[in-house]
Amino acid sequence: MSTIAIQPRTSRMISPVTILIYLILLGALIFTLIPIVFMFSASMMPSKDILKMPFRWIPRGFHWQNFAKAVAGNDGSYIFIRNFMNSMIVSGIVTLTTVILSAITGYGLAKFRFKGRNFVFLAIMATMMIPFEAIMIPLYMVATKFHLQNSYGGLTLPFLVNAFGVFMMRQYLLPFPDEFLDATRIDGAGELGIFWYVVLPNCAPAIATLSILTFRSQWDNLLWPLLIAQSEKMKTLPLYIVKFSAEKYTNEGAMMAVAVLASIPMLILFFTMSKYFVSGSAVFNSRKG
Amino acid sequence: MKKPYGGIERKLSRWGWIFITPSLLFFSIFSFYPILNAAYTSFFRKKILSLKPPTFIGLKNYSYLLQSSDFWNSIRATFVFTVGTFIPLVVFSLLLAVLILSVRKGQKYLQLAYYAPAVLSSVVAAVIWLSIFDPRGIGNQWVNFFMNTPGIDHKWLASSFMVQFSTILVYFWKYIGYFVVIFIAGLSAIPGSLYEAARIDGASNWQSFWRITFPLLKPTVVLVSVMSMLQCLKTFSTQYLFVQAGSPQAPINVITLNIFNTGIRDHHIGRSSAMSIILFLIMLFFTWFQFKTSKADDVTY
């Protein structure tokens, strides 16, 4: 297949505008990546190297004590592991329920005609305008009334489904052919069976995007766990980070090691599924459609 | 599917209700009830953990807030943070998106690289920048290098101006790539034929940007502006961590931080509910504003 392309010898001049564009793009690249590179380099250095005057970007070696300290904690309790698992469990539960409930609701709204459908849809959309920060106090009081502090139930309940997920699944399912659904009905499939075996597998890209968005937002959630999880055992990773950074005599290297460990699951997701990661942001743009 | 077979039609509409009921219940309990409850609580003097029944005080919480310098300081801090963050975000992400699309190579990689900070959680972002802003950290080193002011401490986390600037910088860094991606999606939706036609008519790059790209991109610009504004109004993690790390609270005491402290630390549930309702109304206004403007500007290619 390889053919030798004979390039015409027009030595193309690179215009100054092009150079300028590349310089700006490069500047932005340095700005966005430097702090991340800093986190990784610093996590492998003894603290005294991190705050040394010319910062050395390539660590002299791997200072593994930072990571040991990050996991053991300042008090050697190894609560980090438990907190890390809590974050995994909470994010996992929320992602699973959000995906299934959003798909079911989105399917119901997109493919069934019933009285009040538009009203229900608008009502659900309206909840997107209620910021969590405005309802955290009443939610907190409800949670305390039902003794949900320091429990997985308390950590996950307010997030089991969200309006954006419903909206996204509905938009995705609107163009799904009705004839296809009717055909499976005539073949004798039950409604739940149709949803599970026909609709759900056909939503894979939307599900992937929604999963990533949901998982990330839970992984990042600081405010609600701050209210609901007081016991060390039930804290999540963001709370561990807050505690670790607020403790006096913190060593910078260990702090960066904690940051690296907290970022690893997200970075793995990002590198394997960057397509869905990025399309999740762009999905907002299709809301008019 | 209009009305020919009544039985199946009814059965299907029943299934529709079955499918939406779980979420409807959820939203009633975890969204509608709490916002109504917050509105209701805002009329009471109520203390958490107190056995005394809450006393009805009407609008006193609101009038208290309107006279409280602490509350107005929060409004100011939120306003400074929001305006200081979203304007540069919109301007620079649009600029970067246009520049990325104008180069021939590496568009995908540049997008991903700019997006990378958005992958990290906001707590991690705050912690990284706390290290950078350390008096002996690389923040000072770099600024001193470029401004040729060796040995100056710029007090990133200490002086009231700099700590506001620092929180803005962290947020700007974290979200720039996110908005670049949205702008690129918006820009890619504009059909190339328009540019070809303009080129044939002799338009320069500059002219086709202002005459074609910008007007057609207006809905995206409005969308991104409101989205980033709403995002900024809700900021919490960065400010919380900075305060925990010893920064002065007053300059960055944004409204969410104030709600949290008033309600949870000081136990003034009624007062913090009133603040929540004010935040809600502000955000509702901007969302309404967005729907209004984006409807009026709906473009067809």
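The values are calculated or read from the model by the stated rules, or taken from the named source; none is laboratory data. Keep in mind that what you see is a predicted model, and the values were worked out from it rather than measured. Here the Cβ positions follow ideal geometry from the backbone for every residue, glycine too, while neighbour counts run over all protein chains shown. For the accessible areas, the whole protein counts, side chains as well, though only heavy atoms, and no ligand, DNA or RNA atoms are used. Shrake-Rupley method; radii C 1.70, N 1.55, O 1.52, S 1.80 Å.
For this structure, a couple of remarks:
- Residue within region A:118-136 that is polar (S, T, N, Q), away from every other protein chain (no Cβ under 11 Å) and touching a helix residue (DSSP H, G or I) at 6+ places or on another chain (Cβ under 8 Å) present: no
- Just one of (1) within 15 Å of A:Lys111 (Cα to Cα); (2) open to solvent by less than 40 Å² (accessible area, probe 1.4 Å); (3) free of Cβ contacts under 8 Å to residues at least 60 places away in the same chain fails for A:Leu226. It is (1).
- Hits in region A:212-223 - residues which are outside any helix (DSSP H, G or I) and open to solvent by 10 Å² or more (accessible area, probe 1.4 Å): A:Asp220, A:Asn221
- Single unsatisfied condition, B:Ile152 versus (1) under 27 Å from the mean Cα position of the chain (by Cα); (2) open to solvent by 70 Å² or more (accessible area, probe 1.4 Å); (3) among the hydrophobic types (A, V, I, L, M, F, W, C): (1)
- Between B:Lys218, B:Lys234, B:Lys295, the distinction of being at pLDDT 85 or above and of a type outside the set (Ser, Thr, Tyr) belongs to B:Lys234 only.
- For the criterion of being more than 7 Å from chain B (Cβ to nearest Cβ) and under 12 Å from B:Pro34 (Cβ atoms), A:Phe167 fails.
- Qualifying positions in region A:170-184 - more than 17 Å from A:Leu210 (Cβ to Cβ) and open to solvent by 50 Å² or more (accessible area, probe 1.4 Å): A:Pro175, A:Pro177, A:Glu179, A:Phe180
- Residue within region B:174-184 that is open to solvent by 70 Å² or more (accessible area, probe 1.4 Å), in contact (Cβ under 8 Å) with a residue 24 or more places away in the chain and assigned to a helix (DSSP H, G or I) present: no
- Going through (1) within 11 Å of another protein chain (Cβ to nearest Cβ); (2) more than 24 Å from A:Ile89 (Cβ to Cβ) one by one, A:Trp224 falls short only on (2).
- Filtered by the rule that a residue be hydrophobic (A, V, I, L, M, F, W, C) and more than 18 Å from the chain's Cα centre (by Cα), region A:59-100 gives A:Phe62, A:Trp64, A:Phe67, A:Ala68, A:Ala70, A:Val71, A:Ala72, A:Ile79, A:Phe80, A:Ile81.
- A count restricted to region B:245-265 and to residues that are open to solvent by 40 Å² or more (accessible area, probe 1.4 Å), in contact with a Ser or Thr (Cβ under 8 Å, 6 or more places away or on another chain) and more than 7 Å from chain A (Cβ to nearest Cβ) stands at 2.
- One residue from B:Phe286, B:Phe242 being open to solvent by less than 40 Å² (accessible area, probe 1.4 Å), closer than 30 Å to B:Val123 by Cβ and either part of a helix (DSSP H, G or I) or within 13 Å of chain A (Cβ to nearest Cβ) (or both): B:Phe242
- Residues in region A:73-106 that are over 30 Å from A:Leu174 (Cβ atoms) and at pLDDT 90 or above: 13 in all.
- Verdict on A:Met136 being closer than 16 Å to A:Glu252 by Cβ, in contact (Cβ under 8 Å) with a residue 40 or more places away in the chain and surrounded by 17 or more Cβ atoms within 10 Å (Cβ to Cβ): no
- The set of residues from region B:90-124 being outside any helix (DSSP H, G or I) and surrounded by 23 or more Cβ atoms within 10 Å (Cβ to Cβ) comprises B:Leu120, B:Ser121.
- Candidates are the residues of region B:44-89 that are charged (D, E, K, R) and assigned to a helix (DSSP H, G or I); the one that is modelled with the highest pLDDT is B:Arg76.
- A:Val199 open to solvent by less than 10 Å² (accessible area, probe 1.4 Å), in contact with a helix residue (DSSP H, G or I) (Cβ under 6 Å, 6 or more places away or on another chain) and not in a helix (DSSP H, G or I): no
- Residue in region B:198-220 that is in a helix (DSSP H, G or I), touching a Phe, Trp or Tyr at 6+ places or on another chain (Cβ under 7 Å) and open to solvent by less than 20 Å² (accessible area, probe 1.4 Å) present: yes
- Unmet requirement for A:Thr105, which otherwise passes all of (1) of a type in the set (S, T, N, Q); (2) within 20 Å of A:Ala259 (Cα to Cα); (3) more than 20 Å from the chain's Cα centre (by Cα): (2)
- Screening A:Ala143 on (1) touching a residue at least 24 places away in the same chain (Cβ under 8 Å); (2) open to solvent by 40 Å² or more (accessible area, probe 1.4 Å); (3) within 21 Å of B:Ser23 (Cα to Cα) shows it passes everything except condition (2).
- With respect to (1) closer than 14 Å to A:Gly253 by Cα; (2) touching an Asp or Glu at 6+ places or on another chain (Cβ under 7 Å); (3) open to solvent by less than 40 Å² (accessible area, probe 1.4 Å); (4) more than 14 Å from chain B (Cβ to nearest Cβ), the lone exception for A:Asn74 is condition (3).
- In this structure, B:Ile278 does not satisfy being open to solvent by less than 40 Å² (accessible area, probe 1.4 Å), over 29 Å from B:Ser166 (Cβ atoms) and not small (Gly, Ala, Ser).
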